[in-house]
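Student: First the structure, then my questions, so here it is.
The values are calculated or read from the model by the stated rules, or taken from the named source; none is laboratory data. Everything quoted here is computed from the prediction, not taken from an experiment. In this analysis, Cβ positions are derived from the backbone assuming ideal geometry, glycine residues included, and neighbour counts consider all displayed protein chains. Protein only, heavy atoms only, side chains kept; ligands, DNA and RNA dropped before computing areas. Shrake-Rupley method; radii C 1.70, N 1.55, O 1.52, S 1.80 Å.
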Amino acid sequence: MAHAIFVAEAKKRSLAVTVYSAGVFDFSDTPPLEETSATCLQHNTPPLKETPTFVRELPLDSIDRFLVMEQDHADRLTSEFGISPKRISLLGTFDPRRRSAEIADPYGQGALVYERCYQLIRDCIISYLDATDELKR
């Protein structure tokens with residue numbers, strides 16, 4: 001959801017950015033989750049069509065900022081993939097309502113949890129885009 005929301009919000013702002021979405025665990029052989037796609041479609045956010053990507057498949061050295069949902073993800077990026085902590089941010093720290101620095105995965109928790117997660121992620125991404133100078137080069 002975060003990838004789809006980020007792409008949609010960046011497009012609204014005419015930002016020329018490359019957005020990657022990848023997990024610190026390899027789920028590349030699984031299809032996108034129906035719940036994620038359905039939630040995005042309810043908000044007119046085009047969902048991703050490709051299968052999940054494993055972080056090892058990304059051009060890690062060319063990525064300026066890693067936005068992650070959980071501290072464990074940040075720790076793994078640093079310890080297993082050598083990403084500097086200075087390039088990693090918890091997406092939830094940009095939440096204007098300060099609900100939580102970490103955003104829990106809604107997997108298997110039903111439509112209402114997916115809806116709340118969508119809203120939280122969207123709020124955080126909008127706040128990040130409004131606050132950051134990284135993308136305004």
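Student: Can you give the helix-only mean residue ellipticity at 222 nm for the chain, where every DSSP H stretch with n ≥ 4 adds -39500 (n - 2.57) and the sum goes over all residues, rounded to the nearest 500 deg cm²/dmol? Don't skip to the end; give the middle numbers.
Tutor: Details: 4 runs with 52 residues, N = 137.
Calculated at 222 nm, the ellipticity per residue is -12000 deg cm²/dmol.
Student: Same structure, new question: So for the chain, averaging the separation of alpha carbon pairs under 8 Å that are six or more residues apart and normalising by length, what relative contact order in percent results? Please list the in-between numbers first.
Tutor: Details: 175 pairs, mean separation 34.8, N = 137.
Once divided by the residue count of the chain, the mean separation gives 25 percent.
Student: Using a 7 Å offset from Cα along Cα-Cβ at Val113, what residues in segment 61-96 end up with backbone N under 17 Å from the label point?
Tutor: 69-70, by backbone N distance to the label point.
Student: Would you work out which of Val24, Leu90, Thr53 lies farthest towards the positive end of the dipole of the chain, given +1 charges on the beta-carbon of Lys and Arg and -1 on that of Asp and Glu, about the Cα centre?
Tutor: Of the candidates, Leu90 comes out farthest on the positive side.
Student: Where q = 0.09, 0.13, 0.15 Å⁻¹, what log10 of I(q)/I(0) comes from the Debye formula for the chain, counting one point per Cα?
Tutor: Normalising to I(0) and taking log10 leaves -0.25, -0.54, -0.75.
Student: Just to be sure I understand the model, the point goes 7 Å from the Cα along the line to the Cβ. What's the resulting Phe27 to Asn44 distance in nm?
Tutor: With each label placed 7 Å out from Cα toward Cβ, I get 2.8 nm.
Student: OK, next. Can you give the relative contact order of segment 23-76 as a percent, counting alpha carbon pairs under 8 Å and 6+ residues apart?
Tutor: 43
Student: Then there's this: Give me the 1.4 Å probe accessible area per residue for segment 56-137, excluding ligands and nucleic acids, in Å². Please list the in-between numbers first.
Tutor: Working: 4940 Å² over 82 residues.
Here the residues of segment 56-137 average 60 Å² of exposed surface.
Student: On the accessible surface of the chain, probed at 1.4 Å, how many percent belong to carbon and sulfur atoms?
Tutor: 51
Student: Quote the charge dipole size of the chain about the Cα centre in Debye, to the nearest 20; the model charges only the Cβ of Lys and Arg (+1) and of Asp and Glu (-1).
Tutor: Numbers: 16 positive and 21 negative charges, 129 e Å.
Rounded to the nearest 20 debye, it is 620 debye.
Student: Out of residues 5 or more away from Val68 or on other chains, whose amide H comes under 5 Å of its own, with H placed 1.01 Å from N in the peptide plane?
Tutor: Residues meeting the criterion, in which the H sits 1.01 Å from N, are Ser89, Leu90, Leu91.
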